[in-house]
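Here is the structure we will look at, set down as structure tokens.
Values quoted throughout were computed directly from the atomic coordinates according to the rules given, and no laboratory measurement underlies them. Since this is a predicted model, take the numbers as computed values, not measurements. Here the Cβ is made from the backbone with ideal geometry for all residues, glycine too, and neighbour counts use every protein chain on show.
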Amino acid sequence: MTRMAPDNRRKGTWHYVGGECAQACPSRAGAILESRYGVTFVDAHPWADSRWPGELDYLISLGVPYLVTTNGIELSAERTEKLLASRLISLNVSLDGATEETHRRIRRGSTSLSLVLENVRYFANRKRAADFLGNIGLSLSLVMMRSNIHELIRFVELGLEIGADTICFQHLQAYEAALEEESLWFDKNRFNAIRAQVLEFAAQRGIKIIMPGAFSGKVETSGRRVCLEPWRSALITGNGDVHVCCVPTTKIGNLNEESMEDIWNSQRYQDFRMAVNSSEPPSQCRSCPFLGAESNMYGFLPHRVMHTWSEPYLARNSSQGEQLTESMG
């Protein structure tokens, strides 16, 4: 087994998900976003700026480069101008379909797709007009499922029409049993065929595609790729919770109780790093929906094993960490 360096005092990426507590909470991510970290700040929803005015201005005032992922609903002209005048690295717009019917059927209660696309087109046009073409990225992303797999090529066309640099596809992660019927785990051949068509179509038109690999004929329950997330990033929610990544049950601390530096360099974080790529990884890593192998069933159907996942935060005062470190020494 290869051991990763235990010294984790390095530059990292804090992913901040804005929430109801983001404005008033003393643990607000800005408290730990200092220039020495080389921070990238990810605000999951610009709607937070609409619901709690000043969120976007606060983010920009930190003076750090950042990314934004949004559903596009609150991407107003005013916010577009603020974003383009700031240290924004890239904007990703998450959609659920390439047509109004599919988008609304999957994202129930959503604003019309046409309105979202109008906002995104304004952003793209202003980006071009302001000569930011090479400096600020624009991507569209879609979670693939049985209900929208037939629209993937149309989705790429949509990206080309708007002027996106990249199209990102990822598989649905079934965290509830009711979602299983939408998983492409049960439609592997269809996915593989459409995937090949999409990649060929995109290559001919010169647009970058980020897409999972094809399914193989194997079925495993633990296959995964090497993970570097515990060394390069953390996710912080509006209530101050710090998670190793965005997979559920990876909470490892809270900024109301400890500083980010103390959490980042804590024994429990180091234990997690030591275990993540070992032969005995944390329970949730065995079925990681992001880095799991295409043959790992539980990466697509995590609800089947979530009851076995243990949260590192809950064991913070136990002796498990010391025992793990000793066993790996």
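Listing for the model above:
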quantity: Reach of Lys188 by Cα under 16 Å, taken over lysines that are not fewer than 8 positions away in the same chain; calculated: Lys218
quantity: Neighbour cut-off at most 14 other Cβ (10 Å), DSSP loop, GluC sites (Glu not before Pro), region 131-191; calculated: Glu176
quantity: Candidate lysines - alpha carbon under 26 Å from Lys127, same-chain residues fewer than 8 apart omitted; calculated: Lys82, Lys208
quantity: Derived scalar couplings ³J(HN,Hα) [region 173-180; Karplus, 6.51 cos²θ - 1.76 cosθ + 1.60; whole Hz; x for Gly, Pro]; calculated: 10, 7, 7, 9, 4, 5, 8, 4
quantity: Anisotropy class of region 220-287 from Cα gyration tensor, a/c 1.5 cut; calculated: prolate
quantity: Tensor-based shape of region 153-267 (alpha-carbon gyration tensor, a/c under 1.5 rounded, otherwise prolate or oblate); calculated: prolate
quantity: HN-Hα J in Hz across region 57-66 - Karplus 6.51, -1.76, 1.60, θ = phi - 60°, x for Gly and Pro; calculated: 4, 5, 4, 5, 5, 5, x, 10, x, 8
